[in-house]
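Data block below; observations after.
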């Protein structure tokens, strides 16, 4: 009886300690999209890396990048992890956001964002990315990462961005529907959104942004108020760093011809990404965004983005990359 009593007491003590630790965990909300560009976030959440770091994380999902920046500024979420946009830069330029780490990149060999043509436009001669001049092209929002990618393409092939009719449709689902419905000639879409369209014969792939114009697509950012909580930021970045490295070494290192193999080593992580992106594993394998294994940020490219957006009139002048980056946390590439 004494032995049983001791076991019961030990169990109760363990539960009490566990409960105390759970109560002591720092709570935070992260705003993300259901895209593979957030793969390390999903891995850190699903495998308990955030929990092990003493964090109680809630993921809040959005359908476009810009609303995440707004939600981070307002305090609706504590951290945003998504693509750079003109809106994000404008908020950061006003001092309401700080970049604290790198995330996804457009990189050759790692399909992420593609240029897609409607069937009618393709039949009429829109067969390569450089043919987009003069066409109606759907993006989520003016000044979005998709818009910037189109600007880089225009610079590369020597046509004027002003010659492209930009059609901002506010969400990925709206852009995909417009492409399928032939109300636009083309759209820039993540492969995860466009895959179903292609499988159903509703759109044609013209090429990948990473193959045409590589750049630093995504980042981790927070409001100055959140950044001031250095313990919280350090814990979050530490958990993400562990997930970044695992994602890179297990999945990205195994990729060939733009696809990851499904084997005993990769399948557990692929299944996590599939779970959070609402995609079957068979589609995730061709939808693995590049992430630096050390979570580094290409600061030079961020500076280029800001200058380009300022030249287009999408971003206020008077600041550069250095002004919006939390140098104590960012690992510069």
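Does residue 276 satisfy the criteria of being touching a strand residue (DSSP E or B) at 6+ places or on another chain (Cβ under 6 Å) and modelled with pLDDT of 95 or more?
No; evaluated as a whole, the condition is false for this residue.
When the residues of the range 87-101 are filtered to those that are outside any helix (DSSP H, G or I) and over 19 Å from the mean Cα position of the chain (by Cα), which remaining residue is surrounded by the most Cβ atoms within 10 Å (Cβ to Cβ)?
Once the filter is applied, the top-ranked residue is 96.
Select, from 317, 265, the only residue that is surrounded by fewer than 16 Cβ atoms within 10 Å (Cβ to Cβ), touching a helix residue (DSSP H, G or I) at 6+ places or on another chain (Cβ under 9 Å), under 23 Å from residue 145 (Cα atoms) and without any contact (Cβ under 8 Å) to a residue 60 or more places away in the chain.
Result: 317 is the single residue among 317, 265 that is surrounded by fewer than 16 Cβ atoms within 10 Å (Cβ to Cβ), touching a helix residue (DSSP H, G or I) at 6+ places or on another chain (Cβ under 9 Å), under 23 Å from residue 145 (Cα atoms) and without any contact (Cβ under 8 Å) to a residue 60 or more places away in the chain.
Take residue 56 and decide whether it is surrounded by 24 or more Cβ atoms within 10 Å (Cβ to Cβ), touching a helix residue (DSSP H, G or I) at 6+ places or on another chain (Cβ under 8 Å) and farther than 29 Å from residue 260 by Cα.
no
Out of all the residues in the range 138-153, is one or more more than 24 Å from the chain's Cα centre (by Cα), in contact (Cβ under 8 Å) with a residue 40 or more places away in the chain and assigned to a loop (DSSP other than H, G, I, E, B)?
Within the range 138-153 (the criterion being more than 24 Å from the chain's Cα centre (by Cα), in contact (Cβ under 8 Å) with a residue 40 or more places away in the chain and assigned to a loop (DSSP other than H, G, I, E, B)), the answer is no, since none of the residues qualifies.
Here's the yes/no breakdown for (1) free of Cβ contacts under 8 Å to residues at least 12 places away in the same chain; (2) surrounded by fewer than 23 Cβ atoms within 10 Å (Cβ to Cβ); (3) farther than 22 Å from residue 275 by Cβ:
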{"residue": "189", "(1), (2), (3)": "no, no, no"}
{"residue": "192", "(1), (2), (3)": "no, no, no"}
{"residue": "199", "(1), (2), (3)": "yes, yes, no"}
{"residue": "203", "(1), (2), (3)": "no, no, yes"}
{"residue": "220", "(1), (2), (3)": "no, no, no"}
{"residue": "225", "(1), (2), (3)": "no, yes, yes"}
{"residue": "239", "(1), (2), (3)": "no, no, no"}
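Restricting attention to the range 277-294, which residues are closer than 15 Å to residue 32 by Cα and more than 13 Å from the chain's Cα centre (by Cα)?
278
Any idea which of (1) modelled with pLDDT of 95 or more; (2) touching a helix residue (DSSP H, G or I) at 6+ places or on another chain (Cβ under 7 Å) is the one residue 74 doesn't satisfy?
(2)
The values are calculated or read from the model by the stated rules, or taken from the named source; none is laboratory data. Because the structure is predicted, anything quoted here is derived from the model rather than measured. Note that each Cβ is placed from the backbone with ideal geometry, even for glycine, and that neighbours are counted across all protein chains shown.
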